[in-house]
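Before any comments, here is the structure.
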Amino acid sequence: MAADSRAKAATLNLRRRLLSSSCRLFFPEDPVKIIRSQGQYLYDEQGREFLDCVNNVAHVGHCHPTVVQAAHEQNLVLNTNSRYLHDNIVDYAQRLSETLPKELSVFYFLNSGSEANDLALRLARQYTEHQDVVVLDHAYHGHLSSLIDISPYKFRDLDGQKEWVHVAPLPDTYRGPYREDHPNPAEAYANEVKNVVNIAQEKGRKIAAFFAESLPSVAGQIIPPAGYFSQVAEHIRRAGGLFVADEIQVGFGRVGKHFWAFQLEGESFVPDIVTMGKSIGNGHPVACVVTTQAVSRAFEATGIEYFNTFGGNPVSCAVGLAVLDVLETEQLQAHATNVGSFLMEHLSQQKAKHPIIGDVRGTGLFIGVDLIKDETLRTPATEEAEYLISRLKENYILLSTDGPGRNVLKFKPPMCFSLDNAQHLVAKLDDILTDMEEKVRSCKTLRIQPNSVKHPSGKRDLCLAHLHQEIHQLQLAFA
């Protein structure tokens, strides 16, 4: 705690000296030093309060007292590995099983979403005795080498696509090949997966699994068309592969209507493997893989033990149980529906007012706002989005962007995010967008009549130069 008194500049200098520059900061030109948090708020070294609109790891709220107490009390008694009998791990598996389809009944506990997805890949390959994986374009599934290989978001900037990886188009009905005016986008996008599988099989490749986030997040807060995943699962299973639903970003009630995002496909849709992380532990390192008896038995048949030193330890499971308790007692799933619907409605009103907003999409507290330069081409408004995020930060609101064009505002706040928070956020967003539009109109006027505006001193107005400096990232999207 003594380091709390260190000046921000000193902390930044130490970080630059001791940590790799590849470990990047938010707002690198003017980073925020956070020393305390509570609920949906973060506090800097000067005590200033920031509204957190993007941290889906602190799922039930930063430093939730119930979760903190559960970890503390278990730490006082015991924390050891899962090779000893302990009630917490079986109680936790039982509680999770009550939220899932009955077919998903065997649990593995780990420490991170990356570990979970890596294990899911091993399970699929062992069960199918196949090697290849189908993934969605722009997907990200983790930072391990095995997962970088199935994450187009990463591998395109590194070693490129491996021969055993096959990429299908993102089911994006706003800017993808099959859009909102297509009569059956779910079938069209699913057929793209079928074509990818067929091409792979013609080359002698065999499909082990299809990996997808139930709602693609890094790809731009995408809501796949209803029925898409069910049809994809048919194509993948016909090819001998398994369907892996990555719920690391979107599970645990975030979508509001359901506890798991894959359940948006309907009760009849059951993945073969589901992976969990991030929100599962509210910031504590917990992760989980759940699968069927058949897949688990194939993995067990190798005779090789699966052991994870910290996975499923008593403290982690106590934390996981506490998160489930808070979700239930505070009715946060229903809360996500109510606040999310309110936020979607008011963001849609902003879309009608501000041409830069091309699309508002989402469910529960998983929402994306797609910013565009023009309505016809839907060109991503990347610089404008960056400018907007910076202005929101100046107003003590923390938000971020995603998508291939880094132009999609992503809303994934702690689940305690309130109606008042939503109203405040939208009001600030409206103010900033209005100000941006006014600046653009002023610049256009000055360009048309450069000598018509005089500075009070008698010199020609320097407003244009000032505006150019202030909004150098703006591409004037309000034509």
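Calculated accessible area for the chain comes out at 47 Å² per residue, all protein chains present (probe 1.4 Å; ligands, DNA, RNA ignored). Taking the alpha-carbon centroid of each part, what is the distance from the stretch 316-363 to the stretch 227-257 in angstrom? Centre-to-centre distance over Cα atoms comes out at 21 Å. Per residue, the convex hull around the alpha carbon atoms of the stretch 120-275 comes to 110 Å³. Solvent-accessible area of residue 146, all protein chains in place: 30 Å² (probe radius 1.4 Å, heavy atoms, ligands and nucleic acids excluded). I need the shape label for the stretch 387-442. Rule: rounded when a/c is under 1.5, else prolate if a/b > b/c, else oblate, with a, b, c from the alpha carbon gyration tensor. In terms of gyration-tensor shape, oblate. Among beta bridges from DSSP that stay inside the chain, the antiparallel ones total about 65%. Surface calculation, 1.4 Å probe, protein heavy atoms: residue 180 sits at approximately 110 Å² accessible.
The alpha-carbon atoms of the chain, seen along their principal axes, cover 87, 59, 44 angstrom, with the largest extent given first.
In terms of the mean number of neighbouring beta-carbon atoms within 10 Å, the peptides 340-351, 196-207 order highest first as 340-351, 196-207. Normalised by the number of residues in the stretch 123-227, the average gap of Cα pairs under 8 Å and 6 or more apart makes the relative contact order 36 percent. Among the listed pairs 278/410; 278/353; 154/278, give every one whose C-alpha distance is greater than 28 Å. Where the Cα-Cα span goes over 28 Å, the pairs concerned are 278/353.
Taking 0.36 nm per residue of sequence separation and subtracting the Cα-Cα distance, how much length would be gained by fully extending the chain between residue 202 and residue 334, in nm to one decimal?
Full extension from residue 202 to residue 334 adds 42.8 nm.
Averaged over residues, the count of other Cβ atoms within 10 Å places the peptides 30-43, 391-404 in the sequence 391-404, 30-43, highest first.
At a 1.4 Å probe, what is the % contribution of carbon and sulfur to the accessible area of the chain?
Here carbon and sulfur together make up 50 percent of the probe-accessible area.
Rounded to the nearest 10 degrees, the inclination of helix 382-394 to the longest alpha-carbon principal axis of the chain is 80 degrees.
Taking Cβ atoms as reference points and 13 Å as the exclusive limit, the residues near residue 56 contribute a net charge of 0, counting Lys and Arg as +1 and Asp and Glu as -1. Among DSSP beta bridges lying fully in the stretch 235-334, give the percent that are antiparallel, nearest 5. Expressed as a percentage, antiparallel bridges in the stretch 235-334 total about 50.
Summing charges over all other residues whose Cβ lies under 13 Å from the Cβ of residue 201, with Lys and Arg as +1 and Asp and Glu as -1, gives +3. Amide H to amide H distances under 5 Å link residue 373 with 379, 381, where only residues 5 or more positions off or on other chains count and H is placed in the peptide plane.
What separates the Cα centres of the stretch 35-93 and the stretch 375-400 is a distance of 31 Å. Relative to the longest principal axis of the Cα atoms of the chain, the long axis of helix 8-18 makes an angle of roughly 50 degrees.
How big is Rg to Rh over the stretch 282-379, alpha-carbon atoms, Rh as the Kirkwood inverse-mean-distance radius? Using only Cα positions, Rg/Rh for the stretch 282-379 is 1.21. Calculated [222 nm] ellipticity per residue, helices only, for the chain: -12000 deg cm²/dmol; basis is -39500 (n - 2.57) per DSSP H run with n ≥ 4, divided by all residues, nearest 500.
Can you check what the net charge comes to around residue 355, using other residues whose Cβ is under 10 Å from the Cβ of residue 355 (Lys, Arg +1; Asp, Glu -1)? Result for the neighbourhood of residue 355: 0. Our summary gives the stretch 343-384 a relative contact order of 28 percent, counting only alpha carbon pairs under 8 angstrom and 6 or more residues apart. Projecting the Cα positions of 46, 20, 32 onto the charge dipole of the stretch 15-54 (unit charges on Cβ atoms of Lys, Arg, Asp and Glu, taken about the Cα centre) puts 20 furthest along the positive direction. Partner lysines whose Cα lies under 16 Å from the Cα of residue 257, excluding those fewer than 8 positions away in the same chain, are identified as 412. Solvent-accessible surface of protein heavy atoms, probed at 1.4 angstrom with all chains present, puts 89, 304 in the order 304, 89, largest first. Counting only alpha carbon atoms, the long axis of helix 113-128 and the longest principal axis of the chain meet at about 40°. Measuring only protein heavy atoms, the 1.4 Å probe finds residue 138 accessible over about 60 Å². Put 382, 291 in order of accessible area, highest first, and with a 1.4 Å probe you get 382, 291. Which listed residue (167, 204, 186) has the Cα farthest towards the positive end of the charge dipole for the stretch 160-207, taking +1 on Lys and Arg C-beta and -1 on Asp and Glu C-beta about the Cα centre? In the stretch 160-207, that residue is 204.
Relative contact order, whole percent, for the chain stands at 19, derived from Cα pairs under 8 Å and 6 or more residues apart.
The values are calculated or read from the model by the stated rules, or taken from the named source; none is laboratory data. Just so you know, these numbers come straight off a predicted model, no measurement behind them. Virtual Cβ from ideal backbone geometry, glycine too; neighbours counted across all protein chains shown. Heads up: the accessible areas ignore ligands, DNA and RNA and are worked out on the full protein's heavy atoms, side chains in. Shrake-Rupley method; radii C 1.70, N 1.55, O 1.52, S 1.80 Å.
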